[in-house]
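The values are calculated or read from the model by the stated rules, or taken from the named source; none is laboratory data. Source: prediction; values computed, not measured. Note that each Cβ is placed from the backbone with ideal geometry, even for glycine, and that neighbours are counted across all protein chains shown.
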Amino acid sequence: MRSIYRYAAVVICLALVFAVQGAVQGADGKVIKSADGLTQITVPKDWKEMKNLNAEASIQAALARQELYVIVITESKEDFDKMTVNKYSELTRASILEALSSAKEEKVGTMTIAGRQALQYKIQGSIDNLKVVYLHTTVEGKGHFHYVLAWTLKSKYEKGKDVLQQVIKSFKEI
């Protein structure tokens, strides 16, 4: 009788493990890879790959109905003289800050994304009379610098920031 209970307990445990594993895999979302095959991000399943957010971006995705957007821009380290991840972050943030009125930025911090050093800043301001919030994340790759730029409207930032961070942290060099 004990062996039947043990067997039933093992079967139930295995069923739970497979159910949880399936739920986790289903929650992973979908992978979007750059056309050059260098990078990828994972976005929630209801996001769409885009083509018109930024002409220089190798990856573009959005959940437009919630005003959540992300792009990835990649540049070869060979194109820069003595560039560091800090300098590259400063350089790429400067162009965003110039485009915004009432711009302000704050350093969110340093982090590791897919085993690579990264810096993140929150940038706020207005463009075309819209108040926006950007999460600008610079990742130092093996042979490239990447910046992952995620943004939304100011009114939607608090609700959307966790999803934006999840997408940013999913970034990988392939």
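Whether a residue is β-branched (Val, Ile, Thr), over 18 Å from TYR157 (Cα atoms) and assigned to a strand (DSSP E or B) was assessed, and THR110 passes this test. The single condition from (1) outside any loop (DSSP other than H, G, I, E, B); (2) without any contact (Cβ under 8 Å) to a residue 60 or more places away in the chain that LYS142 fails is (1).
Checking each residue in region 97-152 for being among the small types (Gly, Ala, Ser) and more than 13 Å from the chain's Cα centre (by Cα) picks out ALA99, SER101, SER102, ALA103, GLY109, GLY115, GLY125, SER126, GLY141, GLY143. Are any residues in region 76-98 of a type in the set (A, V, I, L, M), touching a residue at least 60 places away in the same chain (Cβ under 8 Å) and assigned to a helix (DSSP H, G or I), and if so, which ones? Matches in region 76-98: VAL85 only.
Among the residues of region 150-173, just one is over 15 Å from TRP47 (Cβ atoms) and either buried (at least 20 other Cβ atoms within 10 Å of the Cβ) or at pLDDT below 95 (or both), namely TYR157. Pairs linking a residue in region 100-125 that is more than 18 Å from TRP151 (Cα to Cα) to a residue that is exposed (fewer than 10 other Cβ atoms within 10 Å of the Cβ), with Cβ atoms under 9 Å and 6 or more positions apart or on different chains, are ARG116/LYS142. The conditions are (1) touching a residue at least 60 places away in the same chain (Cβ under 8 Å); (2) part of a loop (DSSP other than H, G, I, E, B), and TRP151 fails exactly one of them. Which is it? (2) is the only condition that TRP151 fails. Applying the condition of being assigned to a helix (DSSP H, G or I) and farther than 20 Å from ILE168 by Cβ to region 25-64 and asking which residue is modelled with the highest pLDDT yields GLY26.
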